[in-house]
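Encoded as structure tokens, the structure appears first; notes follow it.
The values are calculated or read from the model by the stated rules, or taken from the named source; none is laboratory data. Please read all numbers here as calculations on a predicted model, not as lab measurements. Here Cβ is always computed from backbone atoms with ideal geometry, including for glycine, and neighbour counts include all displayed protein chains. We work out accessible area using only protein heavy atoms, side chains counted, and drop any ligands, DNA or RNA first. Shrake-Rupley method; radii C 1.70, N 1.55, O 1.52, S 1.80 Å.
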Amino acid sequence: MARLFGTDGVRGLANSDLTPELALSVAAAAARVLAEHDSSHRPVAVVGRDPRASGEMLQAAVAAGLTAAGADVMQLGVLPTPAVAHLVGELGADLGVMISASHNPMPDNGIKLFAAGGHKLPDVIEDEIETHMGVDFTRPTGAGVGRVYDIADSLDRYLQHLLKAVPHRLDGLRVVVDCANGAAWAAGPRAYREAGAEVIAIHALPDGENINADCGSTHLDVLRAAVLAEQADLGIAHDGDADRCLAIDKDGNVVDGDQIMAVLALAMKEAGDLAENTLVATVMSNLGLHLAMREHGVHLRTTAVGDRYVLEELRQNNLSLGGEQSGHVVLPAHATTGDGLLTALRLMSRVAESGRPLADLAGVMTRLPQVLVNVKVADKTKVTGSTTVSEAVAEVEAELGETGRVLLRPSGTEQLVRVMVEAPSHEAAQAAADRLVNVVSTAV
């Protein structure tokens, strides 16, 4: 059977794939695993959610599952995912639960678990939880049943934490923030105002059904128009659970995760805060980031796609900055997971401190044109062993030299091979990608 936990927790269509019964079972199993690992005290869990309508139902189910297994629950309300991760540590909880499907459409939802300290739950513990699901257990009764408490100051606690991580105030900056009608609707505008910025908030009226609807980090056109209309210095876009951040400069140009990492890496290097002068990114980061970092004496380590792999690399090597092109950026000195609000604050702080516009700072790297094609195949596992494919890739790489890059990787969930080519021009990238797509589709 397929593993229940994916790379970012349990996801599915709420009340169809992800039912309240499933949510209750996951939560009860998680509480039992915690108790088995440490029976010295009663487990405590913090639970937060984004504002999508099904979150209310699933939060009730999660709380029921946890308390039925003897764990106490501290409900945080609607908060960004990184706020939940932070409050696991600050409140001394044993487990964190975030109910969100991030950038997915409203009908979807998900359950993400955090270990003590706010770190992502290891795969081995997720597997252990899965084996406990559906297994009968001795239920506590009387005083052994868990209790539920609401934490009224959860947002205040998170904002205090964020503002401590801002190296330079944002006074004088005018920013438009797209909250995606999601978990950042209150936290984002308030954080930026308290840091000194003049804030125009859009898509900050969640009604349970409009989360990510033609807004946020996956739909940047409205933010671009607002930045230009408001003559703002920049725009910030979050996704539904606010663990990512993209930006728009004052001229309406997109500043993606690679460019944000480049700006932050050089700022941290200048301040002596970039551990080992090293940045961690995934294999999908643009070649332009590699070239820019090389030019400025910053080492770039690459990982597999997924912020969990970036996190692992950062933690194992005590590094201080990493992330993804999509806008998930991790600053381990201040957060245990990607935090879109923290990223935005640090980015705007650099703009304010330097006195340079975002476009100028982001210009440290030039994004090479990138073409990505998903090729349907009968057996995606054959791509790595195909001599025909490897020879075609080698031929294209030889032609591009240091001016381009090729990446072929099987999809993690579908019978697809992803063909990515970067080159000095879009035409060159498209032509090379077309050649490789033809080879892959016939050889695999």
In region 181-214, residues that are over 20 Å from the mean Cα position of the chain (by Cα), under 19 Å from S54 (Cβ atoms) and open to solvent by 50 Å² or more (accessible area, probe 1.4 Å) total 3
Determine whether region 230-241 contains at least one residue that is free of Cβ contacts under 8 Å to residues at least 12 places away in the same chain and under 23 Å from S354 (Cα atoms).
-> no
Any residue in region 135-149 that is more than 18 Å from the chain's Cα centre (by Cα), of a type in the set (S, T, N, Q), over 30 Å from A344 (Cβ atoms) and open to solvent by less than 30 Å² (accessible area, probe 1.4 Å)?
-> no
Would you check if R294 is farther than 21 Å from L162 by Cα, in contact with a strand residue (DSSP E or B) (Cβ under 9 Å, 6 or more places away or on another chain) and part of a strand (DSSP E or B)?
-> no
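Taking A262, is it in contact (Cβ under 8 Å) with a residue 24 or more places away in the chain, in contact with a Gly (Cβ under 9 Å, 6 or more places away or on another chain), outside any helix (DSSP H, G or I) and of a type in the set (A, V, I, L, M)?
Details: in contact (Cβ under 8 Å) with a residue 24 or more places away in the chain: yes; in contact with a Gly (Cβ under 9 Å, 6 or more places away or on another chain): yes; outside any helix (DSSP H, G or I): no; of a type in the set (A, V, I, L, M): yes.
No: the conditions fail for A262.
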Across region 89-104, what is the total count of residues that are within 17 Å of V10 (Cβ to Cβ) and either touching a helix residue (DSSP H, G or I) at 6+ places or on another chain (Cβ under 8 Å) or open to solvent by 30 Å² or more (accessible area, probe 1.4 Å) (or both)?
-> 9
Candidate set from region 158-180 (those that are under 21 Å from the mean Cα position of the chain (by Cα) and within 18 Å of V84 (Cα to Cα)); member that is most open to solvent (accessible area, probe 1.4 Å) = L163
Just a yes or no: is a residue in region 318-338 assigned to a helix (DSSP H, G or I) and touching a residue at least 60 places away in the same chain (Cβ under 8 Å)?
-> no
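Just need a number here: residues in region 271-317 that are within 20 Å of L121 (Cα to Cα), open to solvent by 10 Å² or more (accessible area, probe 1.4 Å) and within 20 Å of the chain's Cα centre (by Cα). Full working, then the answer.
Going residue by residue through region 271-317, those that are within 20 Å of L121 (Cα to Cα) are 303-317.
Now restrict to residues that are open to solvent by 10 Å² or more (accessible area, probe 1.4 Å): 303-309, 311-313, 315-317.
Still in the running and within 20 Å of the chain's Cα centre (by Cα): 303-309, 311-313, 315-316.
Residues flagged as within 20 Å of L121 (Cα to Cα), open to solvent by 10 Å² or more (accessible area, probe 1.4 Å) and within 20 Å of the chain's Cα centre (by Cα) within region 271-317 amount to 12.
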List the strands (runs of 3 or more DSSP E) that sit entirely inside region 166-252 and contain at least 3 residues that are farther than 24 Å from G322 by Cα.
-> 174-178, 198-202
Checked region 34-86 for anything touching an Asp or Glu at 6+ places or on another chain (Cβ under 6 Å), closer than 21 Å to E126 by Cβ and open to solvent by 30 Å² or more (accessible area, probe 1.4 Å); matches are L34, V44
